[in-house]
Amino acid sequence: MSKKIIIGSDHGGFRLKNEIIKHIEKLGYEVSDLGCNSTESCDYPPIAKAVAKEVLETNCKGILVCGTGIGMSIAANRFDGIRASHCTDTFSARMTRMHNNSNILCLGERITGSGLALDIVDIWLKTEFEGGRHQKRIDMI
Ligand code: RB5
């Protein structure tokens, strides 16, 4: 996985997305923001689709933010090869990298405050997949 992150949000996740972009750029990540570009109401599925496709094509990780994180995770997980994880805590963020080799992190701006959200991002980005028996299980999906 490279130091490039593909990111997207709908209007419900727009503010948190911008905080995440600032945060991860400071950590040295290159960010590709596929929208949306304001808090004006928009639909989350096309953004989830664009990010999922880019993650699959580039083998980079992605981050999707909406109001709850749930719509984005449902939409992104429709794509074969995407393992999108909706996380509201740091333990899940760590475990979903170690055991599920999560390639998209989904967050909810209306659920998770930005302090915790940025911790979740940090842990999700730095935790490595364990492989082994977990790869075998992923292959069964
Ligand atoms: C938008 O109001 C909201 O439905 C969306 O951001 C997301 O939470 C959907 O799951």
Can you tell me how many residues within the stretch 102-121 are without any contact (Cβ under 8 Å) to a residue 60 or more places away in the chain and surrounded by fewer than 17 Cβ atoms within 10 Å (Cβ to Cβ)? 5
Among the residues of the stretch 57-76, the number that are open to solvent by 20 Å² or more (accessible area, probe 1.4 Å) and either touching a Pro at 6+ places or on another chain (Cβ under 6 Å) or at negative phi (or both) is 5
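In the list 35, 12, 28, 8, which residue meets the criterion of being within 13 Å of the ligand (Cβ to nearest atom) and out of contact with any Leu (no Cβ under 8 Å at 6 or more places or on another chain)? I'd like the intermediate steps shown before the answer.
Working: 35 fails: within 13 Å of the ligand (Cβ to nearest atom); 28 fails: within 13 Å of the ligand (Cβ to nearest atom); 8 fails: out of contact with any Leu (no Cβ under 8 Å at 6 or more places or on another chain).
One residue alone meets the criteria, 12.
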Counting only residues that are over 22 Å from residue 38 (Cα atoms) and away from the ligand (no atom under 11 Å from the Cβ), give me the helices (runs of 4 or more DSSP H) lying completely in the stretch 63-130 with at least 3 of them. 90-98, 114-126
Scan the stretch 25-37 for residues that are farther than 15 Å from residue 5 by Cβ and either open to solvent by less than 40 Å² (accessible area, probe 1.4 Å) or in contact with a His (Cβ under 9 Å, 6 or more places away or on another chain) (or both) and jot them down. 36
For a quick check of your reading of the model, give me the residue pairs whose first member lies in the stretch 38-52 and is hydrophobic (A, V, I, L, M, F, W, C), whose second is in a loop (DSSP other than H, G, I, E, B) and open to solvent by 70 Å² or more (accessible area, probe 1.4 Å), with beta-carbon atoms closer than 8 Å and at least 6 apart or on different chains. 52/78
The stretch 62-81 residues that are without any contact (Cβ under 8 Å) to a residue 40 or more places away in the chain, paired with ones that are more than 7 Å from the ligand (Cβ to nearest atom) and part of a loop (DSSP other than H, G, I, E, B) (beta carbon under 6 Å, 6 or more apart): 76/82
In the stretch 38-56, which residues are assigned to a helix (DSSP H, G or I), open to solvent by 50 Å² or more (accessible area, probe 1.4 Å) and within 12 Å of the ligand (Cβ to nearest atom)? 44, 45
Members of the stretch 1-53 that are hydroxyl-bearing (Ser, Thr, Tyr) and either modelled with pLDDT of 95 or more or under 12 Å from the mean Cα position of the chain (by Cα) (or both): 9, 29, 32, 38, 39, 41, 44
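How about the stretch 124-138: which of its residues are of a type in the set (A, V, I, L, M, F, W, C), more than 12 Å from the chain's Cα centre (by Cα) and open to solvent by less than 40 Å² (accessible area, probe 1.4 Å)? Write out each step before concluding.
So the first thing to find is which residues in the stretch 124-138 are of a type in the set (A, V, I, L, M, F, W, C), and the list is 124-125, 129, 138.
From what is left, the residues that are more than 12 Å from the chain's Cα centre (by Cα) are 129, 138.
Passing the criteria: only 138.
The values are calculated or read from the model by the stated rules, or taken from the named source; none is laboratory data. Note that the structure is a prediction, hence the values are computed from the model and not measured. All Cβ positions, even for glycine, are placed from backbone atoms using ideal geometry, and neighbour counts span all protein chains on display. All accessible areas refer to the heavy atoms of the entire protein, side chains included, with ligands and DNA or RNA removed. Shrake-Rupley method; radii C 1.70, N 1.55, O 1.52, S 1.80 Å.
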